[in-house]
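Working notes, beginning with the structure itself.
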Amino acid sequence: MNKISKVSHNKYIKVSSCNYRIWAAWILEYEQYNYPKDEELVSDLIRKNLTTKMCPPRYREENLVNPLFGHCYHATQAMYYFFEDANLKTMSAPCEFAQQHWWLQDGDKIIDITCDQYLSVGKKPPYDKGKESKWYGWKNRPHRKSQDLMKAVQPNAKLYFKEYEKKPKKVY
């Protein structure tokens with residue numbers, strides 16, 4: 001059996017200037033996969049579970065003709081957490097095709113499960129401009145969309161909302 005892990009999308013409330021506390025979280029309990037042994041399996045499972053609805057709205061029209069377009073962020077984040085113990089680097093680069101492209105790297109090895117969004121239209125992914133990056137979002141928390149994708153890949157994973165306290169009123 002693979003290691004059971006948790007990934008939390010915390011909900012914060014501002015309690016004073018520059019002071020926030022977690023009041024709730026979306027938590028996904030899932031099984032990690034073994035890297036590099038399961039890389040192809042996980043890549044296929046992630047690609048098979050991508051839906052147009054997961055794309056940011058501005059990318060959905062292009063996604064209808066280029067099915068991997070608009071999925072690099074949440075697909076890469078899901079892959080990262082499935083192989084969390086592998087210490088893969090999160091990489092990104094600006095690109096002309098979309099605003100930003102995301103992939104993982106293991107030393108010089110590029111792990112890009114959405115690279116076909118470029119190759120299928122005769123373009124090259126912007127790896128030459130890539131640099132190690134932190135996840136988008138406040139406090140680098142995983143996106144809910146990434147958790148939903150992981151749950152689709154592992155239907156037996158547990159995704160639940162946990163309230164640590166009633167939602168407090170904002171204080172400014």
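The values are calculated or read from the model by the stated rules, or taken from the named source; none is laboratory data. For clarity, every value in this text was computed on a predicted model and none was experimentally measured. Cβ: placed from backbone, ideal geometry, glycine included. Neighbour counts: every protein chain shown.
Out of all the residues in segment 81-94, is one or more farther than 23 Å from Lys158 by Cβ, exposed (fewer than 13 other Cβ atoms within 10 Å of the Cβ) and either modelled with pLDDT of 95 or more or not small (Gly, Ala, Ser) (or both)?
Yes, segment 81-94 contains a residue that is farther than 23 Å from Lys158 by Cβ, exposed (fewer than 13 other Cβ atoms within 10 Å of the Cβ) and either modelled with pLDDT of 95 or more or not small (Gly, Ala, Ser) (or both).
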Revision key, fill the gap. Screening Ser133, Ser120 for residues that are among the small types (Gly, Ala, Ser) and in contact with a Ser or Thr (Cβ under 9 Å, 6 or more places away or on another chain) leaves only Ser133
Review point. In the list Ile27, Ile13, which residue meets the criterion of being closer than 21 Å to Arg141 by Cβ and modelled with pLDDT under 95?
Key: Ile13
Check your understanding: Of everything in segment 30-62 that's of a type in the set (Ser, Thr, Tyr) and more than 15 Å from the chain's Cα centre (by Cα), which residue is modelled with the lowest pLDDT?
Key -> Tyr59
Point to revise | Filter result for the condition that a residue is at pLDDT 95 or above and under 21 Å from Ser43 (Cα atoms), over Lys162, Lys109, Lys129 | key: Lys109
Check your understanding: Scanning segment 1-37 for residues that are part of a loop (DSSP other than H, G, I, E, B) and touching a residue at least 12 places away in the same chain (Cβ under 8 Å), which turns out surrounded by the fewest Cβ atoms within 10 Å (Cβ to Cβ)?
Key -> Met1
Check your understanding: Hey, among the residues in segment 116-172 that are aliphatic (A, V, I, L, M) and either crowded, with 17+ Cβ neighbours inside 10 Å or touching a strand residue (DSSP E or B) at 6+ places or on another chain (Cβ under 9 Å) (or both), which one's nearest to Tyr12 (Cα to Cα)?
Key -> Val171
